[in-house]
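What follows is a short report on a single structure.
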Amino acid sequence: MNAAAGSDRTVVIVGASVAGVRCATSLRNAGFEGTVVLLDSDAGAPYDKPQLSKRIDSAARLDLIVEESTLRELRIDFRPAVAATGLDLATGVVETAGGPVPFDELVIATGCRPRPLAHPLPAQAGYLRTRDDWRQLKEAVTRGGRLVVVGAGFLGLEAAAAAVSLGMEVTVVDVAPRVLMRGIPTTVAERVAARHVDAGVELRLGAQGPVLDGDDQTVRVDGARGDYALVSVGALPNVEWLAGSGLTIEDGVVCDANLAAAPGVWAVGDCARWVNARYGRLERHEHWTTAGRHAQHVARSIATASTSPMAEVPYVWSDQLGWRLQAIGRVGTEELHFASGNGVHLAISATDQLVTGVTTINAQALCVAARRLLQQGDPTVEEVVEALAPATRDFARIS
Amino acid sequence: MTDPITVSSPSEVLELDLDKCNGYGNCVFAAPEMFELDLASNVPILLKAEWSDGEREALAAAVADCPAGALRLRKRDALG
Ligand SMILES: Cc1cc2nc3c(=O)[nH]c(=O)nc-3n(C[C@H](O)[C@H](O)[C@H](O)COP(=O)(O)OP(=O)(O)OC[C@H]3O[C@@H](n4cnc5c(N)ncnc54)[C@H](O)[C@@H]3O)c2cc1C
Ligand code: SF4
């Protein structure tokens, strides 16, 4: 491509959340001079999702990912309220309700939606992924009473924490035997659960499969009665619009290690299932940091007309009841847990003496150190224990 | 409110707002030459007082990678 500028080329990005917006702005940062079209089915300016479960007080405002004026300055053709409905690879066209949109390169960034329950929700219940969902939850918090949270994952516990801090009564219901089943080792999950109980949250774990019913005023879930129920039981990739396009769709858009789904077609963020070069296997992450890094990677590939494999160690953070929880890598079969007197926790997960992940509470710099150690491959337990001293030396060893 | 910590190139200023920073550390991975997380305070230390054109893309990535919106890159004005 001439001087890597690609000034006669058109990149169409579908989905204007963190991955899509980041791809658009990174294209410009990497020197791409061609046309950039950014579509989203949602109306309004792009906002960030993580705040939706953390800030639900009546005065909370949504931070935008980017101002529309910045998009204009960067010559990004942002088209809100335009849903992609199909893809024709042969002609290089995205079909939308507003007509076909031709592309030279396509970036699929349509993310996820909440996994629905098998039955429709009663009036006083909702999921949490969009601005409208968030407004509905905020209204419920403003009215007060009891919030029932279905699903004790990150999102559900964050909302529970925020609601109890704002004076609501809160019950969390999950079929799992403990909180944070995905991605957090048992010892840390137990500490987080205890923190919630101390704050007044009622935990009902090992519940029956949740069935919600209710009327205009109240909602009932497995015997718990509340004024509003928030359902957060996972997410599904938004890939139905790609059916029949010829792309491989299996729990996301299947991509090679370079995040390419077909020549000139890329997928980034929560909807991308790619061969993660760090682990050499197909993975789909649902993490903010991965979404941004995917997008940056693909923008660079397009702007420089070159490809390279994307390696990513999963990283999540969660803010609950004043605690900063961070997890890098994956949970293993063994666990080493260290705690200090002042509420700092460090858990090292390992399988066969190789460290697969590290989880921290209120120890951001330790998490950075662990994240560095895990970048290239799984280090040994000794290496990590050594590198994370003084924490591993001075803290009490719990298990 | 603490004043942001700033460093600059000839044309731009990088601001770090410590009131917003949560110590997530993404900046350290996006631009390792620019940031390190301080072990005692859990907030980043700016390792350099300025940056070159070649380092700018990594810096822009660090700004975008910050989940807390604590980093800002702005054009240098007459006062900056
Ligand atoms: C409440 C909540 C809290 C979270 N907290 C954290 C956290 O603390 N830490 C963390 O690491 N991660 C967190 N996450 C996850 C993180 O937000 C996601 O990983 C991230 O948003 C993924 O970005 P994305 O751009 O890939 O997809 P999404 O954010 O899902 O965005 C996809 C976009 O595509 C649009 N779209 C979908 N279909 C179409 C179509 N057919 N045509 C046009 N547009 C379409 C949608 O409208 C949407 O704007 C949280 C998520 C939620 C919901
Ligand atoms: S990425 Fe942002 S929040 Fe995290 S340490 Fe850097 S400045 Fe602070």
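The values are calculated or read from the model by the stated rules, or taken from the named source; none is laboratory data. Bear in mind that the values here come from a model prediction, so they are computed numbers and not experimental data. As a convention, Cβ positions derive from the backbone with ideal geometry for all residues, glycine included, and neighbour counts pool all protein chains shown. Keep in mind that these areas ignore ligands, DNA and RNA; they rest on the heavy atoms of the full protein, side chains included. Shrake-Rupley method; radii C 1.70, N 1.55, O 1.52, S 1.80 Å.
Under a 1.4 Å probe, what is the accessible area of region A:322-397 per residue, stated in Å²? If you can, show how the numbers build up before the last one.
Numbers: 3160 Å² over 76 residues.
It amounts to 42 Å² per residue over region A:322-397.
If you average the C-alpha positions of region A:185-213 and of region A:215-276 separately, how far apart do those two centres end up, in angstrom?
What the calculation gives is 25 Å, centre to centre.
Can you give the local net charge around A:GLU169? Use residues other than it whose beta-carbon is closer than 12 angstrom to its beta-carbon, Lys and Arg +1, Asp and Glu -1. Intermediate values should be presented prior to the final figure.
On the way: positive: A:ARG146, A:ARG225; negative: A:GLU202, A:ASP227.
Local charge sum for A:GLU169: 0.
Largest first, how would A:GLU386, B:GLU33 line up by accessible area (1.4 Å probe)?
Details: A:GLU386 145, B:GLU33 105 Å².
Largest to smallest exposure gives the sequence A:GLU386, B:GLU33.
Total accessible area buried between chains A and B, 1.4 Å probe, in Å² to the nearest 100?
Counting protein atoms only, the buried area is about 1800 Å².
Based on the Kirkwood radius over alpha-carbon pairs, what value in µm²/s does the Stokes-Einstein equation return for the translational diffusion coefficient of region A:1-101 at 10 °C and 1.306 mPa s?
Working: Rh = 14.8 Å.
The diffusion coefficient I find is 107 µm²/s.
From the phi of every residue in region B:49-54, what ³J(HN,Hα) in whole Hz does the Karplus formula 6.51 cos²θ - 1.76 cosθ + 1.60 yield, where θ is phi - 60° and glycine or proline is x?
Here the 3J(HN,Hα) series is 8, 7, 9, 9, 4, x Hz.
List every residue whose amide H lies under 5 Å from the amide H of A:ILE13, counting only residues 5 or more places away in sequence or on a different chain, with H placed 1.01 Å from N in the peptide plane.
Answer set, sorted by chain and number: A:VAL37, A:LEU38, A:LEU39, A:VAL107.
Among A:GLY31, A:GLY20, A:ILE65, flag the residue with its Cα farthest along the positive direction of the charge dipole of region A:1-134, charges on Cβ as +1 for Lys/Arg and -1 for Asp/Glu.
A:ILE65
Taking every pair of distinct Cα atoms and averaging 1/r, then inverting, what Kirkwood hydrodynamic radius in Å comes out for region A:88-157? Let's see the in-between values first.
On the way: mean 1/r = 0.0635 Å⁻¹.
Answer for region A:88-157: a Kirkwood hydrodynamic radius of 15.7 Å.
Counting Lys and Arg as +1 and Asp and Glu as -1, each charge on the Cβ, what is the dipole of the protein assembly as shown about the Cα centre in debye, to the nearest 20? Provide the component values of the computation, followed by the final result.
Details: 44 positive and 60 negative charges, 87 e Å.
I would put it at about 420 debye.
Of A:PRO379, A:GLY341, A:GLY183, which is farthest towards the positive pole of chain A's charge dipole, taken about the Cα centre with +1 and -1 on the beta-carbons of Lys, Arg and Asp, Glu respectively?
So the residue furthest toward the plus end is A:GLY341.
Counting only DSSP beta bridges with both residues in chain A, what percent are antiparallel, rounded to the nearest 5?
Working: 49 of 82 bridges.
Bridges in chain A that DSSP calls antiparallel: roughly 60 percent.
How compact is region A:274-320 by the rule of thumb for globular proteins, expressed as Cα Rg over 2.2 N^0.38 Å? Display every interim value, and only then the final one.
Details: Rg = 12.0 Å, N = 47, 2.2 N^0.38 = 9.5 Å.
Taking the Cα Rg and dividing by 2.2 N^0.38 Å, one obtains 1.26.
Protein chains only, probe 1.4 Å: how do A:GLU33, B:GLU55 rank by accessible area, largest first? Could the numbers behind the result be given before it?
Numbers: A:GLU33 90, B:GLU55 45 Å².
So the residues, ranked largest to smallest area, are A:GLU33, B:GLU55.
Hey, if we sort A:LYS49, B:LYS20, A:LYS138 by accessible area with the 1.4 Å probe, largest down, what's the order?
Details: A:LYS49 60, B:LYS20 105, A:LYS138 25 Å².
Solvent-accessible surface, decreasing: B:LYS20, A:LYS49, A:LYS138.
Would you tally the net charge around A:ARG131, using a Cβ to Cβ cut-off of less than 14 Å, leaving A:ARG131 out, and scoring K and R as +1, D and E as -1? Intermediate results must be reported in sequence, preceding the final value.
Details: positive: A:LYS49, A:ARG55, A:ARG61, A:ARG113, A:ARG129, A:ARG135, A:LYS138; negative: A:ASP40, A:ASP42, A:ASP48, A:ASP63, A:ASP132, A:ASP133, A:GLU139.
Residues near A:ARG131 contribute 0 overall.
Can you compute the helix-only [θ] at 222 nm over the protein assembly as shown? Use -39500 (n - 2.57) per DSSP H run of at least 4 residues, normalise by all residues, nearest 500 deg cm²/dmol.
Working: 11 runs with 110 residues, N = 479.
Value at 222 nm, helices only, nearest 500: -6500 deg cm²/dmol.
Would you please give the residues with an amide H less than 5 Å from that of A:VAL233, counting only those at least 5 places away or on a separate chain, with H modeled from the backbone geometry?
The answer is A:ARG115.
Where Lys and Arg each count +1 and Asp and Glu each count -1, what net charge lies around A:VAL82 among other residues with Cβ under 13 Å from its Cβ? Before the final figure, lay out the partial values.
On the way: positive: A:ARG79; negative: A:ASP40, A:ASP42, A:ASP77, A:GLU95.
For residues surrounding A:VAL82, the net value is -3.
In terms of Cα to Cα distance under 17 Å, which lysines are near enough to A:LYS54, apart from those fewer than 8 places away along the same chain?
Answer for A:LYS54, where 17 Å is the Cα cut-off: A:LYS138, B:LYS20, listed by chain and number.
Of A:GLY144, A:GLN326, B:ILE5, which is farthest along the charge dipole of the protein assembly as shown in the positive direction, counting Lys and Arg as +1 and Asp and Glu as -1 at C-beta?
A:GLY144
Sorted by average packing, counted as other Cβ atoms within 10 angstrom per residue and highest first, what order do A:54-62, A:285-293 take? Let's see the in-between values first.
Details: A:54-62: 14.0, A:285-293: 23.3.
Per-residue Cβ counts within 10 Å, averaged per peptide and sorted highest first, yield A:285-293, A:54-62.
Stokes-Einstein at 4 °C, 1.567 mPa s, Kirkwood radius from Cα pairs: D for region A:128-233 in µm² s⁻¹? Don't skip to the end; give the middle numbers.
Details: Rh = 13.7 Å.
Answer from the Stokes-Einstein relation: 95 µm²/s.
On the principal axes of its Cα set, how long, how wide and how thick is the protein assembly as shown? Give whole Å, largest value first.
Cα extents, longest axis first: 62, 54, 51 Å.
Can you compute the radius of gyration and Dmax for region A:330-369, using only the Cα atoms, both in Å?
10.3, 31
Using a 1.4 Å probe and ignoring any ligands, DNA or RNA, find the accessible area of B:GLU57 and quote it in Å² to the nearest 10.
Only protein atoms counted, so the area is about 40 Å².
Would you mind getting the Kirkwood hydrodynamic radius of region A:127-176 from its Cα pairs, rounded to one decimal in Å?
Numbers: mean 1/r = 0.0911 Å⁻¹.
So the Kirkwood estimate lands at 11.0 Å.
Probe 1.4 Å, all protein chains in place: accessible area of A:MET181 in Å², nearest 10?
Accessible area, nearest 10 Å²: 100 Å².
Provide Rg over Rh for region A:322-397; use the alpha carbon set for both Rg and the Kirkwood Rh (inverse mean inverse pair distance). Show your work: numbers first, answer last.
On the way: Rg = 11.1 Å, Rh = 12.0 Å.
Reported Rg/Rh (Cα atoms, Kirkwood Rh): 0.93.
No solvent, one uniform scatterer per C-alpha: report log10 I(q)/I(0) for chain B via the Debye equation at q = 0.13, 0.21 1/Å, two decimals.
With one equal scatterer per Cα and no solvent, log10 I(q)/I(0) is -0.34, -0.92.
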